[in-house]
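Worksheet: one structure, shown below.
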Amino acid sequence: MKKLVALLMVLCMLFTLCACGSKEEPAPAEESAPAEESAPTEEAVLDYPKQNVNVVVQFGAGGPTDMSVRGVLDAAQSDVTFAAENVTGGSGLIGLTKVASSPADGYTLGCINVDLAINYALGRTDMSPADFIPLACSICDYYTLVVNADAPYNTMEEFVTYVQEHPGEVIIGDTGVGAAPYLTAIAIADFFDLDYKLVSYDGSADCVTAVVGGHIDGTFTQLSPAKGQLEAGGLKAIACVANERMTSWPDIPTVKETYPEIDFEIAGWVFISAYKGTDEAICDYLEKILYEASASDKFQQTLADLSMQNVVMTGEEATEFVNAQIDFYQELCAGMEID
């Protein structure tokens, strides 16, 4: 009997051990990977945009800055809804101040331009183009000397010779002491040792009208305000202050073609920009949208219709360009006593 009980106990133990050994082990972690999840979209990562993006234009509606910026925004293909707002005054500083005083959240953008670089170089404002993050170039038109159609000179060489032979007689219009047309005239006069008089008007359109009317002899201007009179024959363009001819006006020579030693070019440029401190991911997102818009066939056709041009740049290229412009105007304006 004792032998039977002992045998039964051994059998029970073997049964238990077999049952434990047959229990299924869990699969290794690498063999039970979770189901693949779709990558989150950029919008989901940024949680942006949640509202319209306001772009402050610091000059009036219908001007080169306004038309070019609106053209870029109109060509933008994205879920972002852009709205341009004209905030004028103070040579553009009022509009830019609004951008600087708004939250740096990507919902208020501005437009830095050559005038801001000049005002900063002249010490008129502590606000610098370097305080902004350029996203896309909307316009980069080079200043061009335009004169009355009956003027006794047709080339830059003839103009320089005439002014040198008639010191103090030629009158050049500008848009205010310290503005880009004024500084262009000063830079050209310094380079060629010219003696001409400068007279200020409220804007480039007024300068153009004065040239056509014979009140002044010429002006340095972006060509969009002069387009109508150039096409009608009331004006003629002598040369643009650029290293290469403008795609928008390919028949107009550059000053450098006649005088290769000239070491500067002067353009009216505008960059749609975010203010410093804006999240880098938001800036990258906006830069991609606006870069593609600025390079698009739609916007390039808009510029062609307006006889304007831009230079398509990445954010990094734009930053390098703007920094170089700040350096140029600080050097140009050094020592100038301008109220």
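The values are calculated or read from the model by the stated rules, or taken from the named source; none is laboratory data. Small disclaimer: the values here were computed from a predicted structure and weren't measured. Backbone-built Cβ (ideal geometry, glycine too); neighbour counts: all protein chains shown. In case anyone asks, the SASA skips ligands and DNA or RNA and just uses the protein heavy atoms, side chains included. Shrake-Rupley method; radii C 1.70, N 1.55, O 1.52, S 1.80 Å.
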May I ask you to say which residue of Asp115, Asp141, Asp126, Asp105 is under 20 Å from Gln330 (Cα atoms), touching a residue at least 12 places away in the same chain (Cβ under 8 Å), acidic (Asp, Glu) and in contact with a helix residue (DSSP H, G or I) (Cβ under 9 Å, 6 or more places away or on another chain)? Asp115
If a residue must be farther than 27 Å from Tyr182 by Cα, open to solvent by 30 Å² or more (accessible area, probe 1.4 Å) and of a type in the set (Gly, Ala, Ser), how many such residues does region 101-127 contain? 2
Within region 231-247, the residues that are under 17 Å from Leu303 (Cα atoms) and crowded, with 19+ Cβ neighbours inside 10 Å are Met246
Please pick out the residue among Val56, Val147, Val160 that is crowded, with 16+ Cβ neighbours inside 10 Å, assigned to a helix (DSSP H, G or I) and modelled with pLDDT of 95 or more. Val160
Given the criteria of a type outside the set (A, V, I, L, M) and more than 29 Å from Asn323 (Cα to Cα), does Gly213 qualify? yes
Of (1) modelled with pLDDT of 95 or more; (2) closer than 24 Å to Ile262 by Cβ, Leu223 satisfies all except one. Which? (1)
Out of Glu265, Glu261, Glu231, Glu257, report the one residue that is over 25 Å from the mean Cα position of the chain (by Cα), under 20 Å from Pro64 (Cβ atoms) and charged (D, E, K, R). Glu231
Here's a check for you: in region 258-283, which residue that is acidic (Asp, Glu) and free of Cβ contacts under 8 Å to residues at least 60 places away in the same chain is nearest to Cys111 (Cα to Cα)? Glu280
In region 169-209, residues that are of a type in the set (Gly, Ala, Ser) and either more than 23 Å from Asn113 (Cα to Cα) or part of a strand (DSSP E or B) (or both) total 3
What's the total number of residues in region 192-213 that are of a type in the set (A, V, I, L, M) and under 29 Å from the mean Cα position of the chain (by Cα)? 2
Can you tell me which residue is most open to solvent (accessible area, probe 1.4 Å) among those in region 250-269 that are modelled with pLDDT of 95 or more and among the aromatic types (Phe, Trp, Tyr)? Tyr259
Name the single residue, out of those in region 63-82 being open to solvent by 50 Å² or more (accessible area, probe 1.4 Å) and free of Cβ contacts under 8 Å to residues at least 60 places away in the same chain, that is nearest to Ser138 (Cα to Cα). Arg70
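This table checks each residue for (1) part of a helix (DSSP H, G or I); (2) at pLDDT below 95; (3) of a type in the set (Lys, Arg); (4) touching a Lys or Arg at 6+ places or on another chain (Cβ under 6 Å).
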position	(1), (2), (3), (4)
Leu73	yes, no, no, no
Ser78	no, yes, no, no
Thr88	no, yes, no, no
Ala100	yes, no, no, no
Asp105	no, no, no, no
Asp115	yes, yes, no, no
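Conditions (1) of a type outside the set (Lys, Arg); (2) surrounded by fewer than 20 Cβ atoms within 10 Å (Cβ to Cβ); (3) closer than 12 Å to Cys137 by Cα; (4) touching a strand residue (DSSP E or B) at 6+ places or on another chain (Cβ under 8 Å), marked per residue:
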| position | (1), (2), (3), (4) |
| --- | --- |
| Glu287 | yes, no, yes, yes |
| Leu290 | yes, no, yes, yes |
| Ala295 | yes, yes, yes, no |
| Lys298 | no, yes, no, no |
| Ser307 | yes, yes, no, no |
| Asn310 | yes, no, yes, yes |
| Thr314 | yes, yes, yes, no |
| Glu320 | yes, yes, no, no |
| Asn323 | yes, yes, no, no |
Tally the residues that are within 9 Å of Gly173 (Cα to Cα) and open to solvent by 20 Å² or more (accessible area, probe 1.4 Å), restricting the search to region 207-230. 1
